[in-house]
Structure formats: C-alpha cells, structure tokens
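The values are calculated or read from the model by the stated rules, or taken from the named source; none is laboratory data. None of these values were measured; they are calculated from a predicted model. Glycine also receives a Cβ, built like all others from the backbone with ideal geometry; neighbour counts cover every protein chain displayed. These accessible areas exclude ligands, DNA and RNA; they are computed on the full protein's heavy atoms, side chains included. Shrake-Rupley method; radii C 1.70, N 1.55, O 1.52, S 1.80 Å.
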Amino acid sequence: MSATVSVALSPSPFHALTLPLSPSRRLALAGAWEGGRSGERHGSRAVLRILTFIVLACGAALRAAPVPPVPPSVSTLSRTGSVVTLRFTPFPAAQQFRLLSSTNIGSPFTADPAGTLSGYDFTATNPSPVRFYQVEVTPMSSNALLGSIALNRLAYGPTPDEIERVLTGAAPIGAQAFINEQLAPETIAETGVNSHTNIAFLGAKMAGPSDVVTSTNANIADLGAWHVLRAVTARRQFLEVLLQWAENHFVTQHSKSSTYVNGVGAVVQEQIATQFEFLENDRWRAVLLNPTGTFLDLLRVSAESPAMIIYLDTVTSRGAGGRIANENYARELLELFTFGVDNGYDQTDITTLSRCWTGWYVEKVAVADAFNVFATALPGLKSTNVGVWAFNFRTSYHNTNSKSIFVGKTVPARFGAPWAGRNYQLNIPVRTGTNGIQDGYDVLNHLANQPFTMEYISVKLCRLLVHDDFAHGYDFTDPGLSAEGRLVKQCMLAWEDGTPKGQMRAVLSTIVNSDLFRSHGSAGHKVKTPMEFTVSTIRALRTSTNGTANPGTFSADTDGFAISGGLGSFNRSLAPLTRMGNMVLFDRDSPDGYPEDSPGWISAGTLAERLRFVQSVLIATGQSGKSDAGNNNVTSPLGLLQAKLPLQVPPGSVSNATNVVDYFLGTLYAGEGRANLDLYRTAALNFLNTDDAGASSPFSALTVSGTAGSTYDNRLRGMVAMLLTMQRFQEQ
Amino acid sequence: MNTPNIITRRSFLDRSVKLGALGALAALTDIPFVVKRALAEGNIGGNGKKLLFIWLRGGNDVLSSIIPVQDPAYNASNRPTTVIPKDGLTDYSVGNIPCDFPVNSNAAAATFSYNSAIRLGNGFAALHPSLKFLAPVYNAGDLAVIHRVGYPRQSRSHFDSQNYWENGAPNNNFEKEGIFYRTMLEAIQQNTAKSTGLTGVTLQTALPLILRGSQAAMTNLTDPLRYDLLGIPNTSTNANAKAFGAVTNAAPFAFPDKLNRQLLSLQYANMTSTLQIFAAIDFTENGNTFLDDTALDGESAPYHLFPTTSAKNGGYAMHGNDTNKYVVPSNSAALFSNLKAAALILNRTDAIVAGTEFGGFDTHSAQGGATGAHANLQRQVAWALYSLRKFFRIYGKGGAQEMAGAQIGWNDLVIVTLSEFGRTTIENNSTGTDHAEGGGMLVAGGAVKGYGKPGATTGVFGCHTSDSVPWVNGPAGAAPANATGSMFGISNRYLKRAYDYRSVLGRIIRQHLGATQTQLNRIIPGYANESQEHLLSGGTVASPIESGSTTTAIMGEPDLLV
C-alpha cells in the first residue's frame, strides 16, 4: 500500500545544472548536455533535462527511520535518433518504479506511455522535442519490510506458510505480532517439531544428566542432525537461533571431551561427549524459555558444563601446593565469553583469575550423585563401573588463597553514566575445602553484569540481528555517537535496569524494537552462515502438500544428517556444512566460535559448494548428482506450487511461467521489493522458456509432470535452483 | 579509500552506483598497453616471480625447531621433556660449514632414527631432528632460517596475533585487509598482474585475512576436485552450461547497495571467472605422479613428493607397508593435497601468490621432544619445503620433466612460513609450552641467499651471539626467576625479538615480487614510518611503538635474497 506524498526538489528549469548533484552525476549529465542549452528548444532534437526526484513515502505505519535510503536518481541519459534511454539507480525494497514525464517543468507529470521499463532502464520513443523526466518509486510497506527482516533474523529464513501467516495470507498477524511471539517462545505451542519423525526419534536417544550413557544413546552426528532438524521445523524459530548463538559463543569441542573420557570404548566415549553437548543445549533452552532468564544463567550453564571444563583445560589445572594454574579458561572467559578482548582486564587479572577455577573438575560418579558436585569418584575401573560423568569439585586441586582481581581498576570514562568511574575490583577470601567452589561462582556473578560484559554481549547480539559493523570500544559519552553505538548503549541500559540484571529478553527486545533493526539499517546487510544457508534453503521450499503437516507430506525436507553429516559413508567430513567452510557443529577446535560475518564464509571455493548444494537439493531423487549433498535433502517444487497456486486470487496455473516465477520470487526474496527483482524475473522466465541448449521451448507447452527426469520437472527444478544460486539468496 | 574500483573487468561498468569509477576506469582502459607498462609502478606479477606461504597455526615452538644449542640456558632443567640433546660426538661450535648429520655418531642410528640436534653449521644453532629434510635445501643455499621474529607489543592471543601477522598492522584490530591482498591490489591497479581475476589463491577452508580486501577478490578453493557446478539435470552438459550461464549472466545485475553486496559480487565474479581456469588442471590423485629425482637414505627408488596417501608416503609401500618408513605422519594427506594444488596453480596459472595452512602447533601439553606432537609437525614442515623445491626444480620451467605450460622454475619462487608467536622458554606443568613472543620463519627458494651462495656463509639469521643484535646467552641449569639472556628477554620468560616479521615479508615483496619502496610503504604501513619502526634498516624501537619505557633493538631486513 503506498501513499503518494511527493517531495520535489525542483529548481527552475533554467538552473537545472545547479542542482546539488554529486560529482558522479555531474559527469553523466555533462555528457547528456552536449549541445543543450538551458531553456532553449532545439527543433527536432530533444533536449533532456533531468531533474527532479520524487520519493513516495509510505503510510502511517512507518517509524522514522534513522537514515532514509538515497532516493533514486537518473544516472545516465542517451539519445539515438528519437529513442531515449535512461538509467536510474536502484532503491531498496522498491515495489514499483514509474517514469513520469512532462513537456513543461511547471506542468503536472504523468506516467509516460511511450516507454518501456526493464530493471533500472527505461527506453522511450519520444516524439516531442523537450521532455522532463521523473523517477517515482513505491517502496514496500514497512510492515512487509519488517516482516521479511524478522523472518530472516529471528528465524532461519521464511517458509511459504510463515510468509502467509505473517504477511500475505487471508488474516496475517503482521510483523510486530510475529516479533512479539518469537520473543516469548514459551507462548508458542511447539508443534513444528512434529513434522519430522527424526526429531522425536533422535531426541529420545539423548542422554539426560543422570542417565548412564550406553551405545544406544545419541552420537555427535545424531545431535547435529537433531539440531539442524529443529532449526528447519521449529515454530519457536528465534529460540533455535539463540541456541545456536549460545552454542557458538560458549564454544566447546566434542572431540576433546571424547578424548578425556577415554577408557570406556571409542563408541561410548564419543556418546558421553555428545551427552555433554546436549545438556548444554538443554539447559540453555530452559534459560531462554524463562521470561526473566539472564546472561548470568547462560554463563553458569557454560561454566558448569563438563565439556567446557575439559575444553579449556580447567580439568587439569591445579593450583594447590604452589602449582601454576592453567590460564586457558581464565583468558577465554574474559576475552571471548564476557568482557571481550582487552576490554577491562590485563594479564595479571588472567593469572589471578585462573586460580579461582582450580578444582573445577569432571568425574565419573554414581547415578545417585549426578547432581552432587562434592561426590567422591565412583569406585572401580572407569572402563567397567556404571556411572555418570558430571561436573565435580576436587578440593585437592583448589588454590585456597585469597585473590584480588581487577585490583584498583575503575570503569573507563567512555562508558558514561551510570558505570563510569566505578571500581570493579573483586576480592575473594581464603576458602578451604568444599567452600572453594564458591570462588568460581563469585567470579561468574561479578563478571556477568559488569559494563564490559554488557557491552560485549550486546555487541554480539547486535551483530547477530542487525548487521556486522558493531564492535566493542565505543565512546558512549560522545555526542556524535553513531546509531550503532547508541543501540549498544540502549541494550546496556536495558541490561542494567532489570531485576535481575541482564535479562536476555530485555536486551533482545531493545534490539528488535530499534530503528536500526526495523528499517534499511538491517535489511539484507548480512550473509548467511553455512547453517543458515542450508536450513533456509529447505525452509524456503517447505510446505505440507496435503495441508496436514504430517511427516512425509512436505514439499522440501531433510533428515538432518544430509546437512550436518551422519556416520558411515556420508560422514561429517563430506557433509555440506563441512564443505562450506568447516562448520562442524558442536566440534569447533578454537574457542572464538564460527564467524558471524561474511569474509569468514564467502570465497570462490565455498560459493561453489553452496551452489552445488542448492543444485543437488533440487535435483530429483534418483537422478545423477543427487548424492552430492546427501540423498536425503529432497524437494518437490511442483508439489509446492500445486499446494499454493490454486489458492491464489485469481488462481495461478502451474503451466503459467509468470505465475510460477512470481510465486518463487515472492517467497524467496520477500524483502527485496518486486521492482528490484525485475532482472531476476526476466532471467527466470527465460530459463523456463528455453531448453537446455538455449533454444526456445515455451514452458506452457510442456506436459505438467512431477516425474523425475521429465522435461517439465527438470525445467522447473532448474529454474528454482537458479534462483537459489543467485547472490541475493546468500544474504540474510 | 578513494582509489577507483578496478574490481574485476567489465562486470562493474554497468553498475550506475559506482559511477565515480566509471570515469576513471574509462581513462585507464583507453591507454595502449605499452604506455601503461611504462607508467606502471613496480613489477608485481610482471616479473614472473611468485610466492607461496604456509601458515603454521597455533604458535610454532621455534626454540625446539631452530635450536640455540650453544646457549647454556637451553637445557634439560628448563625443558625436561622437550629438550633436544646434542649429539655427543659433534662439535656445534664450528661455523662456516654446511648443515650435516650424523657426524661420527653411532652409525647404526641412521638418519631415520637420528634423534639429536642437527648441526646447522653456523656455530650456534641446530635443527630439530625431524627437520632433517631441510638439510639438503639449506646446503644448496636455498633456505634462510630466521630466528627471534616478532612485532612490538606482541599479543599472546592466537586470534589477535594471527590477525596482525596477516593484516600487517600490529595491534590494529580494525584493519580488515591483508598484506598479500594489498600486494595483489597494487599489481592489479598498476596493471602488472597478468590476470586480474586470479592473483592470490589459498587452499583451505576459508579465505584468510592475509588475502582479504574490499576492492578485489582473491580466490580460495576448499576442494579443487569439487570446483565446478552441477546443473539440473546433471546428466546433460548443456544443462550445466545453462545453469552456469544463468549465474554468470546475473553477475552484473544492479541492486541497491547493501553492506555485503560488493563482497558477494566480487567473489561471485571471481568464482565464475576461475572455474574454467582450474578445470584445466589435474588435481586428482591419479595425477599425483610427481617423484623425487634422488633416492634418499639409501632407498632403491625415489619417494613421491606429495604424500597424499599412505602408499605415497615415503618408503611405506616400498617396504611392505611399513609405517616406520613414512616421511610425514599419516594425517598429512590434507596438507600435502593442498600444497600440491598450490604448486600446480602457481606453475600453471597466472596466480602470483598461493598459500595454505595447517594447525596443531599450540602445544600446551604433551609437546614431546625428539618424537611426539611437535616432532610430527616439524616432519611436515621439512618435507613440505624439501618436496616443493624438488617439484619446481624437476617439473617447473626449465626442469628435467618440465610440465606443459610451466610458468616458473625454482628460482622464481619464494616459500615462506608464518606462525603467530613462539613459545615459552621454560616448560609448563603439562609437559608443554605456552604462548610467548619471538618465533621463527623459514624462507626457501632458488633466489634465497643461503649457505654457500655468493656473499653468504650461513643461512641462519638471528641465531648467533655475533649478530648485530646479538643472541645473549642465559644461565646454565634451571633458570632463576630473574633470568637474563635472549630467551628470557621479555618478562623473564619469553624469547625477545630481534627481527620484525614485516621486515622479512617486506624484503620478499620488494626484492622478489618487484614492488617499489613506495608500494611497500602502502602494503606494510610500518615501512612508511621508518624513523620509529625501523623495519628497513633496523634500529631501536621505543615508545610509542613499544609500550611504556620498553626498548627493543631490531635488525631491519635480513639479507636473504640474492
């Protein structure tokens, strides 16, 4: 829906050249002006003057965007005989461009009937000697734009059903309602995970905290597949996004845990390590489902996780008897998990802090002792006794001395009120025996709500949700603070002002209700990680073809293993996630986490892998090339169309190339704007209407068939794959 | 940056958003080639010289690789499990001689089981026994071994330190573009590169920072054997062409600007333009028929140069599948597959810089001494340099079995290893070492000024008491808390640097690749600040480059190229 409010920048016709043009535009105009004089007519030769730019602002629903996009401007003009060619610059989320013209700059401009618009090029055969041209853009509605942002950031990309439910269906709930529901996942009935039987099946294999792990429990491939499937199917999408964020923030490495619990057999030790990873996920899920769940809660889950205690060498760190504690966890706790690199600590702090963690251990205990950190070790050989590996406190390892951390340090002035100047020294008294465990909790309680942590974690969440250009280190007192800095500050204030402090929902709510998130400040600015790319590919084509949402009825599906890797021949080293840059779930070797930003993922080789994945997914089952991405990523574009096109008003036809192309463009590129997809539309129509050798072969003349290998099916699949291999589908 | 978006060829000319570039680029493309060359600055890519870099991720323990065996502080008290003992029959104080082993030692302990320090022949330094295959490279004068390499205010964080080694701007976390990217960009902008689409190439999981930049795309191959598209249906080559054509044709479609659109466009264009180039090279295992020209250690036949399988790993297959006859550990297949691909790419395409990486050097625990984790890594390093030298001497330009289309010979190539820091002088409680300061670099190539080359009596730099910034010996026995000497030069714990890594890379970029000093000042900004950084000619680095009152004497560029 668009309102026409015109803001015209129109100088007098005689001063066209004095428009405030950038040097680049002046360059183009100079060419167009050869032979032209302001204000004069030149007989049969049309003189073109470009000039005004009209932007149509949308209706009342728009909040004030911080920086409106640059209006479209005409960039080149040329004229050959009586044919005028005009090119203008793109405009984000544009629904429609129109060219208006007038013979007199003072007269009303009307839609130019004598021209054709293709992409950003307008061609006119212009009989009259002088014409003025205007470019008019109708942007997408703010609700549609926000909806597409939310479906890409608070979810692993849209599904056709979600687009209808939120934006285009008979009674759409609207973007804001979607955001509100996703912020409160406990209010959503999680029926999505019923749409694939593997989720319940694999979930049943997961070992709980007091379960003795046996060879029938989940292995790491099971966990990866389960995690991917939940990302594909869950209705609580934002919860799944945040769980992956937590997993990638508090990095642990499955294979290192597996090595630690050795001696019980290679299969079971790997499954015990899987249990450690699953329990992190499970406990974080509980925190995020709690409306007042805090960052401290998430941090505690990580610190108490046997996987973390093993991964960063706390488990071998001994501080008693003059021994030097291992600094690995202390360093990364500050550098990567709370404060951020060089943000309020130095080497001395790391060294002192490392002593607090001595004694945090992982031990095999009796089942009854699964939650007793002071339990003694289960007697007998670890290879044969029956027990549970759990977080345990080993008093003999603990450094019992008092410790003072951040001695004499105060919060720097750049943080501004209410934190600047605060002393944040932490004093820990002498603690002996089992009391020693409290050292670690004192540290967690202290670190979790320091302004450094607030800043760093807010920055990380902003990078997840808005765009990549956030970094810690802002001067929050600077009156010229950027919009990004201001958003981080607002997050920090939301963190500080809660009771308890650091409620995740308060910070997330601040971000998703900010101007930066809701506008072109965030739309399309990020690139999908391999997990986001693979999962969003399946989701983009996924609907229940018979409306029941029962497993096996979907037009696009995966078994999870086909994305993250199984055991056996399609193992994790061959899986798409690995091929696209080694994004091996739950098993990263370095604690900084997989990159969130694009340069870590986008290179020629990984792009080729992404394109191969898409093509392999779209190839019909049984056809050559299907196995490249595992045989179990299956799609039926025809099934999707047959479920959706007949319900359109008026009903679409699966033989009508325009209907088909428009449907996919609307679901795959919901936030781009119809007018910006003109060139993709032309390319897709051309794809549908030509055979493999490039000769004309009208799509409407093909026999509709879902049979693998049929001309229609291959043609349709090829076109959908083509759209998914375009650059825009890499973006989030 | 105000420099015009040269980017890749014409694909950007249609983008009206980049109108500023249009005018400038139009001006450049109309100049005749001859005139362009005369105007060009530097000769990067035009002089036929190439570079291969190998990242040793994790911080290689240089004290256990290039061993200061004559320093009394290098002993079993400080390094109980990682120390490499001297060979009791060798005089390590003799200088001006080649690297040799075993000398008068137990003849039964033939080279395969030699486990003492290998005399490097400069009178002070030795090699870890697992680096024995560096000896022929060293003795041919083709290896420079550089010790005590670091940078000011050295970080002990892997991520930061690796970033600084790659972006060339120590302690600057905001510089997101790499040294070799800037080097290649100079070649592109000055039109000395033979191909703008293929300049820098890596073979690893992601494009490293050292080749990243905003105005031109460098290529990273994750798996050269999978570097093509499938097409639907896959059985029809026409379908593949149709799919590929659709991707290529969509490349110049204009779109409103977003933060990552330029990166995506550059990398898409890079992919489509290089897909065809690499299709012509045989990266397969069947094509891995590259053999040494000498039989080593009394074997009956030469070894394969690239041990990508067990059968091609040293003498394994020759001795009835004997794993004791591996030249590299059995988990080296990926590394040598990548090195082979890098070598083929440098030899057969216009690429100027190629690189790869491997990890495992972060030996915080169970590092091992003559054998063990560290030793296995050194075996890979040594065989890599040995085999690359042989590959280019035999199969490169002018070689006895010159490949079709070979572009370079061994004299045209320089190989350099990078590692983000060295490790602690004193072992920790977990029989390993922790992050420290000064590390090492290896530079190999036909153009290297190593032992025996005119004007050089040694290939060792930075590891002698007579250096201009001398190696200062430490105390014998267990080091006290306030120990002095080079190995305790920082915080009484860490080896202090005497070279800056930028000086080493700068020397190579200027003298080998053909950059002008002006270009180098842009590529490595520290060079433009010689009075404080002293990268070119050496000097004493002080505040503000160093922190507080710290001063460090460094030796400037080592004279490592002929």
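Normalised by residue count, segment A:403-521 yields a Cα convex hull volume of 111 Å³ per residue. Positive-end ranking of B:ALA254, B:SER161, B:THR516 along the dipole of chain B, with charges on Cβ about the Cα centre, is headed by B:ALA254.
Measuring heavy-atom accessible area with a 1.4 angstrom probe and counting protein chains only, the residues of segment A:317-331 that give up at least 40 Å² relative to the chain alone are A:ARG331. Answer rounded, prolate or oblate for chain A, using the Cα gyration tensor with square roots of eigenvalues a ≥ b ≥ c: rounded when a/c is under 1.5, else prolate when a/b is larger than b/c, else oblate. Judged from the Cα gyration tensor, chain A comes out oblate (a/c at least 1.5, b/c at or above a/b). In a simple Cβ point-charge model (Lys, Arg +1; Asp, Glu -1; nothing else charged), segment A:591-664 has a dipole of about 400 debye relative to its Cα centre. Debye calculation, C-alpha points only, no solvent: report log10 I(q)/I(0) for segment A:266-422 at q = 0.11 Å⁻¹, in the same order as the q values. These q points yield log10 I(q)/I(0) values of -0.54. Computed from the Kirkwood radius of its Cα pairs, the Stokes-Einstein diffusion coefficient for segment A:607-715 at 37 °C and 0.692 mPa s stands at 218 µm²/s.
Rounded to the nearest whole Hz, the Karplus-based 3J(HN,Hα) values (6.51 cos²θ - 1.76 cosθ + 1.60, θ = phi - 60°) of segment A:579-593 follow the sequence 5, 7, x, 6, 8, 8, 5, 6, 9, 7, 7, 10, x, 7, x, with x at glycine and proline. Annotation: extensible slack from A:ALA417 through A:SER102 equals 107.7 nm (criterion: 0.36 nm per residue apart, minus Cα-Cα distance). In units of the compact-protein estimate 2.2 N^0.38 Å, segment A:116-273 shows a Cα radius of gyration of 1.64.
Measuring nothing but protein heavy atoms, the accessible surface of the protein assembly as shown at 1.4 Å probe radius is 53 percent carbon and sulfur.
The Cα atoms of segment A:569-642 cover 45, 27, 22 Å along the three principal axes, with the biggest extent listed first. Is segment A:198-307 rounded, prolate or oblate when judged by the Cα gyration tensor, a ≥ b ≥ c being the square roots of its eigenvalues, rounded requiring a/c under 1.5 and prolate requiring a/b larger than b/c? Taking the square roots of the gyration eigenvalues as a ≥ b ≥ c, segment A:198-307 is oblate.
Residues of segment B:271-298 whose accessible area, computed with a 1.4 Å probe over protein heavy atoms, drops by at least 20 Å² once all protein chains are present relative to their chain alone are B:MET271. Across segment B:464-481, computed HN-Hα scalar couplings (Karplus, 6.51 cos²θ - 1.76 cosθ + 1.60, θ = phi - 60°) run 7, 6, 9, 4, 5, 10, x, 6, 9, 5, x, x, 6, x, 5, 6, x, 4 Hz from first to last residue, x flagging Gly and Pro. Charge dipole of segment A:290-419 (Cα centre as origin; +1 on each Lys and Arg Cβ, -1 on each Asp and Glu Cβ, all else neutral): 300 debye, rounded to the nearest 20. Classified by the C-alpha gyration tensor, segment A:372-461 has an oblate form. Its axis ratio a/c, with a ≥ b ≥ c, is 1.5 or above, and a/b does not exceed b/c. Solvent-accessible surface of segment A:188-341, averaged per residue with a 1.4 angstrom probe and all protein chains in place: 28 square angstrom. A loss of 20 Å² or more of accessible area (1.4 Å probe, protein heavy atoms, ligands and nucleic acids excluded) relative to the isolated chain is seen in these residues of segment A:583-600: A:ASP592, A:SER598, A:PRO599, A:GLY600.
Pairwise Cα distances in chain B exceed 43 Å in 19 percent of cases. Taking Cβ atoms as reference points and 11 Å as the exclusive limit, the residues near A:ASP161 contribute a net charge of +3, counting Lys and Arg as +1 and Asp and Glu as -1. Heavy-atom accessible surface of segment A:641-721, averaged per residue, reaches 39 Å², computed with a 1.4 Å probe. Accessible area per residue for chain B is 33 Å², calculated with a 1.4 Å probe on protein heavy atoms, without ligands, DNA or RNA.
Which log10 I(q)/I(0) values does segment B:428-562 give at q = 0.20 Å⁻¹ under the Debye formula, counting every alpha carbon as one identical point scatterer? So the normalised log intensities work out to -1.25. Sequentially through segment A:611-628, phi angles give Karplus couplings (6.51, -1.76, 1.60; θ = phi - 60°) of 5, 4, 4, 4, 5, 5, 4, 7, 5, 6, 4, x, 7, 5, x, 4, 6, 4 Hz, Gly and Pro residues having no value and appearing as x. Axis of helix B:19-29 versus longest Cα principal axis of chain B: the two differ by about 80°, to the nearest ten degrees. A crude spin-label estimate for the pair B:ILE97 and A:THR376, with each label 7 Å from Cα along the Cβ direction, gives 6.3 nm. Averaging the sequence gap over all C-alpha pairs within less than 8 Å and six or more residues apart, then dividing by the number of residues, gives chain B a relative contact order of 24 percent. Amide H contacts for A:LYS526 (H built 1.01 Å from N in the peptide plane; partners 5 or more residues away or on another chain; cut-off under 5 Å): A:GLN732.
Annotation: amide H-H contacts under 5 Å for A:GLN96 (H modelled 1.01 Å from N, sequence separation of 5 or more, or interchain): A:THR138, A:ALA675. Its DSSP H runs of at least 4 residues, each contributing -39,500 (n - 2.57), put the calculated 222 nm mean residue ellipticity of chain A at -11000 deg cm²/dmol, to the nearest 500. Taking every DSSP beta bridge that has both ends in the protein assembly as shown, the antiparallel portion is near 70%.
Chain A against chain B buries an accessible area of about 5700 Å², both chains summed, 1.4 Å probe radius.
Only one residue of A:GLN95, A:THR338, A:SER564 has its Cα farthest out toward the positive end of the dipole of chain A, where Lys and Arg carry +1 and Asp and Glu -1 on Cβ, and that residue is A:GLN95.
Over chain A, Cα pairs under 8 Å with separation of 6+ residues give a relative contact order of 13 percent. The charge dipole of the protein assembly as shown, taken about its Cα centre with unit charges on the Cβ atoms of Lys, Arg (+1), Asp and Glu (-1) only, comes to about 2020 debye. Note on chain B: antiparallel DSSP beta bridges, both residues inside, total approximately 50 percent of the bridges counted.
Here's the picture: charge each Lys and Arg Cβ at +1 and each Asp and Glu Cβ at -1 in segment B:111-237, and of B:TYR138, B:GLY178, B:GLY213 the one pushed furthest to the positive end of that dipole is B:TYR138. Secondary structure note: in chain A, about 85% of the DSSP beta bridges are antiparallel.
Using equal-weight Cα scatterers in the Debye expression, the normalised intensity of the protein assembly as shown in log10 at q = 0.05 Å⁻¹ is -0.39. Note on A:ASP211 and B:SER330: the model spin-label points, each 7 Å out from Cα along the C-beta direction, lie 3.4 nm apart. Computed over segment B:269-424, the percent of Cα pairs more than 28 Å apart is 26. Taking amide hydrogens as placed 1.01 Å from N in the peptide plane, the amide H of B:VAL460 sits under 5 Å from those of B:VAL145, each at least 5 positions away in sequence or on another chain.
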